[in-house]
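Colleague: My questions all concern the structure below.
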Amino acid sequence: MAALRYTALLAGLLVAAASASSQQRDEPPVLSIRTDLVSLPVTVADRDGALVPGLRQKDFTVFDNGEPQTIEFFSSEDAAATIGLLIDSSGSMRGRRNDVIAAAEAFVAMCHPLDEFFTLNFNEAVWPGLPSHLPFTEDAGQLRTALATAPAQGLTALYDAVSQGLAHLRQGARDRKALVVVSDGGDNASRVTLGDVVERARLGDAAIYSVTFFDPDNRDGRRHVLKTLTRESGGQAFTVKNSEDLMGAFAQIAREIRSGYTIGFVPSDIAGSGFRSIRVVVDTGDHRQLTARTRAGYYAGPLR
């Protein structure tokens, strides 16, 4: 299996020991180690959908192609993340931009103080909201300006935007990575296909979250597209009807990113190549019905 890049979560341990003021001043140190460790972002919820913090390594079992694996790394720290905000700026989003900007600003305020962000706007083209010399920012004012610079017009290149967003995430310095896509799920202008995007999502370790506006009159909207991407990556899809729902979806995404677990394992069987399915099971021994959500799998063998 091709070696996968894994960045040890020393930053989370150091941040936990630092004061809030020093968190905002200091960049977390990063130690990069190239290993065969497969890293999984994991979210755990109970049967009512509430997030479940405080679990221990022994509560988790990882299955790789159906075979249980030895967990080599486990963290439940509230660690900083690299987060991309992909905002649909096509004509179908006209009239919703102000609500999206307000919800995104509230989302940033709920995130970790050392999170780094970038934005991509998309209609039939994809372009960054931040200046070209600034790939990421931790500054709320810069992010607010980036979110507010795009009019809603034109067609929708959703797949192109997600593909570029996943590529940009790989440049981020934080260990956790997430992509938040706000769109109706329709695509009528992309060069890449849905299959291409799904494969690229499988090759990475970023969780993709989607927020889709429900509009029964929008014939181009295809919510199942975004549900496919979120399912493959271990994220979650939200459908909203109004600004209150939108705020709630962003708040839930912020909580998930900050309360998730990170599990790493070295596959015991590395014969062959291709896509290998992943399943994570949680059993705390107290008969609670808990569900672990993570990416659907990973590719063994040479990266494509």
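The values are calculated or read from the model by the stated rules, or taken from the named source; none is laboratory data. Being a predicted model, the structure only gives us computed values, none of them experimental. Using ideal geometry, Cβ is built from the backbone for each residue, glycine included, and neighbour counts are taken over all protein chains shown.
Colleague: Among residues belonging to the stretch 178-208 that are in a loop (DSSP other than H, G, I, E, B) and acidic (Asp, Glu), point out the one that is farthest from ALA152 (Cα to Cα).
Modeller: ASP205
Colleague: Please verify whether the stretch 144-158 includes one or more residues that are within 20 Å of ALA237 (Cβ to Cβ) and either among the aromatic types (Phe, Trp, Tyr) or outside any helix (DSSP H, G or I) (or both).
Modeller: yes
Colleague: What are the pairs, 6+ residues apart or on separate chains, where a residue within the stretch 277-297 that is without any contact (Cβ under 8 Å) to a residue 24 or more places away in the chain has its Cβ under 8 Å from a residue that is in a loop (DSSP other than H, G, I, E, B) and basic (Lys, Arg)?
Modeller: Sorted first by the residue in the stretch 277-297, then by its partner, the list stays empty.
Colleague: Yes or no: the stretch 218-239 includes at least one residue that is closer than 30 Å to LEU37 by Cα and surrounded by fewer than 15 Cβ atoms within 10 Å (Cβ to Cβ).
Modeller: For the stretch 218-239, residues closer than 30 Å to LEU37 by Cα and surrounded by fewer than 15 Cβ atoms within 10 Å (Cβ to Cβ): absent.
Colleague: Filter the stretch 178-197 down to residues that are touching a Lys or Arg at 6+ places or on another chain (Cβ under 9 Å), of a type in the set (Val, Ile, Thr) and in contact (Cβ under 8 Å) with a residue 40 or more places away in the chain, then give me how many there are.
Modeller: Matching residues across the stretch 178-197 total 1.
Colleague: Pick from ASP64, ASP99: which is surrounded by 15 or more Cβ atoms within 10 Å (Cβ to Cβ), within 22 Å of the chain's Cα centre (by Cα), over 17 Å from GLY260 (Cα atoms) and not assigned by TED's automatic domain parsing to the domain that holds ASP139?
Modeller: Matching residue, one of ASP64, ASP99: ASP64.
Colleague: Is it fair to say GLY248 is out of contact with any Pro (no Cβ under 9 Å at 6 or more places or on another chain), among the small types (Gly, Ala, Ser), without any contact (Cβ under 8 Å) to a residue 60 or more places away in the chain and more than 17 Å from ARG202 (Cα to Cα)? Don't jump to the end; show me each part of the working.
Modeller: Working: out of contact with any Pro (no Cβ under 9 Å at 6 or more places or on another chain): yes; among the small types (Gly, Ala, Ser): yes; without any contact (Cβ under 8 Å) to a residue 60 or more places away in the chain: yes; more than 17 Å from ARG202 (Cα to Cα): yes.
Answer is yes for this residue.
Colleague: Here's something else I'd like to know. Cβ-Cβ distance below 6 Å, separation of 6 or more or different chains: which pairs start in the stretch 83-96 with a residue that is free of Cβ contacts under 8 Å to residues at least 60 places away in the same chain and end on one that is surrounded by fewer than 22 Cβ atoms within 10 Å (Cβ to Cβ)?
Modeller: Pairs found: ARG94/ALA152.
Colleague: Next question, about the same structure. Exactly one condition in (1) crowded, with 19+ Cβ neighbours inside 10 Å; (2) more than 23 Å from PHE107 (Cα to Cα); (3) at pLDDT 95 or above is false for ARG276; which is it?
Modeller: Single failed check for ARG276: (3).
Colleague: Examine the stretch 89-103 for a residue that is basic (Lys, Arg), at pLDDT below 95 and assigned to a helix (DSSP H, G or I), and state whether such a residue exists.
Modeller: Filtering the stretch 89-103 down to residues basic (Lys, Arg) leaves 94, 96-97.
Right, trim to at pLDDT below 95 and you get 94, 96-97.
Retained after the next criterion (residues that are assigned to a helix (DSSP H, G or I)): 97.
Yes, the stretch 89-103 contains at least one residue that is basic (Lys, Arg), at pLDDT below 95 and assigned to a helix (DSSP H, G or I).
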